[in-house]
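The values are calculated or read from the model by the stated rules, or taken from the named source; none is laboratory data. Everything numeric in this text was worked out from a predicted model, so none of it was measured. All Cβ positions, glycine included, derive from the backbone under ideal geometry; neighbour counts span all protein chains shown. Protein only, heavy atoms only, side chains kept; ligands, DNA and RNA dropped before computing areas. Shrake-Rupley method; radii C 1.70, N 1.55, O 1.52, S 1.80 Å.
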Amino acid sequence: MKKKNSIVVSNEHNNFIKSVKRYKGLVIGLQITLFVAFFGLWELFTYVGILDAFFVSSPSRMISTIIELAQQNNLWQHIFTTLYEAFLGFLIATVLGYIIAVLLWSSKLVRNVLEPYIVVLNSLPKIALGPIIIVWFGVGTKAIVVMAILILIIVTILSMLSSFLSVDKDKILLMQSLGANKWQILTKLVIPNSMVDFISVLKINVGLTWVGTIMGEYLVSKAGLGYLIVYGGTVFNLDLVMASTLILCILAGGMYGLVVLIEKRFKRN
């Protein structure tokens with residue numbers, strides 16, 4: 001009987017694994033189909049004249065523009081500039097926001113005093129601070145990174161603080177009754193329980209990082225993909241604008257993929 005049961009369980013498990021793999025294959029297949037269909041129809045519509053390539057460009061013209069930039073040795077400089085600014089802003093804002101959230105969690109008095117100001121700062125349009133940022137940090141990488149940090153940090157603080165405060169109060173009381181101090185409660189209970197929310201914050205920050213970086217490049221950059229977009233719009237070169245936007249999408253997708261890999265590794269552990 002035990003062998004039959006084990007065989008049945010094994011077959012059911014194998015069938016479940018196969019169904020999961022089939023579903024993943026279906027999702028990936030549909031994603032690829034949607035991607036090919038979108039760009040294929042875009043190219044077709046511009047080729048037959050349904051869409052005006054001057055205003056919307058086309059996949060073939062975007063690829064030609066990217067190749068032309070690469071041949072002029074400008075492409076990698078602009079990509080590296082934007083990628084460096086985005087990564088630096090992402091790292092500083094995430095780490096600093098996390099630390100501030102921990103400090104606010106550890107002190108109810110400080111949290112209650114500063115919370116209204118944090119909410120107001122979150123609602124403030126960051127683009128309005130552009131002139132101040134330029135005066136304080138000059139024209140260049142520093143100003144762009146600061147813009148990215150301003151957009152990311154408040155979201156990180158509020159999201160992680162909310163996650164810390166949502167920890168089961170009974171568990172905290174239990175640890176306190178056993179003699180645990182605040183540091184032990186933080187490291188043994190609060191932080192481990194908030195890891196899922198932290199991964200979600202990383203995913204949100206990936207998108208906001210590129211928003212802040214490109215916004216900063218719109219204002220003060222002399223290089224980068226944001227600079228190419230602004231320049232292309234100024235001279236009505238929509239091929240350059242769309243090609244730069246396509247590269248941005250690829251970089252953002254790659255950054256998001258890294259976060260997904262971190263999430264998978266965390267779930268395995």
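Filtered by the rule that a residue be modelled with pLDDT under 85 and closer than 27 Å to PHE39 by Cβ, the range 216-226 gives GLU217, TYR218, GLY224.
Only residues that are open to solvent by 90 Å² or more (accessible area, probe 1.4 Å) and at pLDDT 80 or above were counted in the range 1-27, giving 5. Selection within the range 132-144: residues that are closer than 16 Å to ILE214 by Cα and in a helix (DSSP H, G or I). The member of this set that is most open to solvent (accessible area, probe 1.4 Å) is LYS142.
Scan the range 82-99 and give yes if some residue there is more than 28 Å from the chain's Cα centre (by Cα), farther than 18 Å from GLY224 by Cα and among the β-branched types (Val, Ile, Thr), otherwise no. Scanning the range 82-99, I find no residue that is more than 28 Å from the chain's Cα centre (by Cα), farther than 18 Å from GLY224 by Cα and among the β-branched types (Val, Ile, Thr), so the answer is no.
With a requirement of 3 or more residues that are open to solvent by less than 70 Å² (accessible area, probe 1.4 Å), the helices (runs of 4 or more DSSP H) lying completely within the range 49-118 that satisfy it span 59-71, 75-106.
Among the residues of the range 169-198, just one is acidic (Asp, Glu) and either touching a Gly at 6+ places or on another chain (Cβ under 8 Å) or in contact (Cβ under 8 Å) with a residue 12 or more places away in the chain (or both), namely ASP197. Counting only helices (runs of 4 or more DSSP H) wholly contained in the range 179-269, the ones carrying 2 or more residues that are open to solvent by 40 Å² or more (accessible area, probe 1.4 Å) and among the hydrophobic types (A, V, I, L, M, F, W, C) occupy 195-220, 238-268.
Any chance you could count how many residues in the range 100-144 are closer than 20 Å to ILE191 by Cβ, within 21 Å of the chain's Cα centre (by Cα) and among the small types (Gly, Ala, Ser)?
Residues of the range 100-144 closer than 20 Å to ILE191 by Cβ: 100-108, 110-111.
Subsequent filtering for residues that are within 21 Å of the chain's Cα centre (by Cα) retains 100-101.
From what's left, among the small types (Gly, Ala, Ser): 101.
Of the residues in that region, 1 qualify.
Figure legend. Inter-residue proximity from the range 124-135: first residues at negative phi, second residues in a helix (DSSP H, G or I) and open to solvent by 70 Å² or more (accessible area, probe 1.4 Å), beta-carbon distance below 7 Å, spacing 6+ or different chains. Indicated pairs: GLY130/LEU219; ILE134/LEU219.
Restricting attention to the range 145-162, the residues being open to solvent by less than 10 Å² (accessible area, probe 1.4 Å) and of a type in the set (Ser, Thr, Tyr) number 1.
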